[in-house]
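Notes follow the structure.
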Amino acid sequence: MKTLILYGSQYGTTKRYADELSRLTGLPALSYEKAVDLAGCEQIVYLGGLYAGGVKGLKQAVKKFPAGVRLILVTVGLADVQDEQNIENIRRSVCRQLPAGLLQNTVLFHLRGGIDYSKLSLPHRTMMTLLYNHARKLPPEQQSAETKAMIETFGRQVDFVDFASLGPVAAAIE
């Protein structure tokens, strides 16, 4: 089965996961932007950073996927992937980005990434500041685990990358 690892990474965390998965499996990994001809791929492992409710590059990449492809989708974000509300939010976002036929042929995984506020672009830094200012004004009982984590880490560099969490992803590759 011809398998390829694609990734969408803005600041490098997702690329680190893709490179490590490539090392573990021996499969080539490349940015979705460099993927030109995916004909013949029967399985695609797509790792995408979570940004503003979407998976980086997924909509563009899906347009290049051959019909009938099996998709292993790995999201990478700051939110705690053990929190069921976070997972539900991610799944809703994924459902909006994937065509129904492809969604039925998709295996989904979630990994934690990181953030370094000093490396954020001006639009991302502005967006995070606005979210932070809104979140910190919420009463504690209205703050989700994701909101609390954002408040605690705002303005700092945090890295939750755990290469051991790639084990189940590697195992899912046929």
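Taking R0 as 22 Å, what's the FRET efficiency between Gln104 and Glu42 from their Cβ-Cβ distance, rounded to 0.05?
0.90
Which residue, Leu130, Leu108, Leu120, tops the fluctuation ranking in a GNM of the chain built on C-alpha contacts under 10 Å?
Maximum fluctuation in the GNM of the chain, among the listed residues, is at Leu130.
At 1.4 Å probe radius, can you tell me the per residue accessible area of the chain in Å²?
53 Å²
Calculate one ³J(HN,Hα) per residue across segment 82-91 by plugging θ = phi - 60° into the Karplus curve 6.51 cos²θ - 1.76 cosθ + 1.60, and present them in order as whole Hz with x for glycine and proline.
Running phi through 6.51 cos²θ - 1.76 cosθ + 1.60 with θ = phi - 60° gives 8, 7, 4, 5, 4, 4, 4, 4, 5, 4 Hz.
Bin width 10 Å, origin at 0, all Cα-Cα pairs of segment 37-104: what percent of pairs per bin?
Spelled out bin by bin, segment 37-104 gives 19, 54, 23, 4 percent.
Highest first, please rank the peptides 152-165, 11-24, 42-55 by the mean number of other Cβ atoms sitting within 10 Å of their residues.
The packing order, highest mean first, is 42-55, 11-24, 152-165.
Please list, or write none, the lysines whose alpha carbon is within less than 29 Å of the alpha carbon of Lys119, excluding same-chain residues fewer than 8 places away.
Those lysines meeting the cut-off are Lys15, Lys34, Lys56, Lys59, Lys137, Lys148.
Sum -39500 (n - 2.57) across every DSSP H segment of at least 4 residues in the chain, then divide by the residue count to get the 222 nm mean residue ellipticity, nearest 500.
-11000 deg cm²/dmol
Skipping prolines and chain starts, which residues have an amide H placed within reach, meaning under 5 Å, of the one on Leu111, given they are 5 or more residues away or on another chain?
Counting only residues 5 or more places away or on other chains, the set is Thr75, Val76, Gly77.
Using a 1.4 Å probe on the protein chains only, how many percent of the accessible area of the chain belongs to carbon and sulfur?
The computed percentage sits at 53.
Counting only residues 5 or more places away or on other chains, whose amide H sits under 5 Å from the amide H of Tyr51 once H atoms are built in the peptide plane?
Hits under the 5 Å cutoff: Lys56.
Label Gln60 and Met127 with points 7 Å out from Cα along Cα→Cβ: what is the distance between them in nm?
Here the answer is 1.4 nm between the modelled labels.
The values are calculated or read from the model by the stated rules, or taken from the named source; none is laboratory data. Just so you know, these numbers come straight off a predicted model, no measurement behind them. Glycine gets a Cβ as well: all are built from the backbone with ideal geometry, and neighbour counts include every protein chain shown. Please note that ligands, DNA and RNA were not included when accessible areas were found on the heavy atoms of the full protein model with its side chains. Shrake-Rupley method; radii C 1.70, N 1.55, O 1.52, S 1.80 Å.
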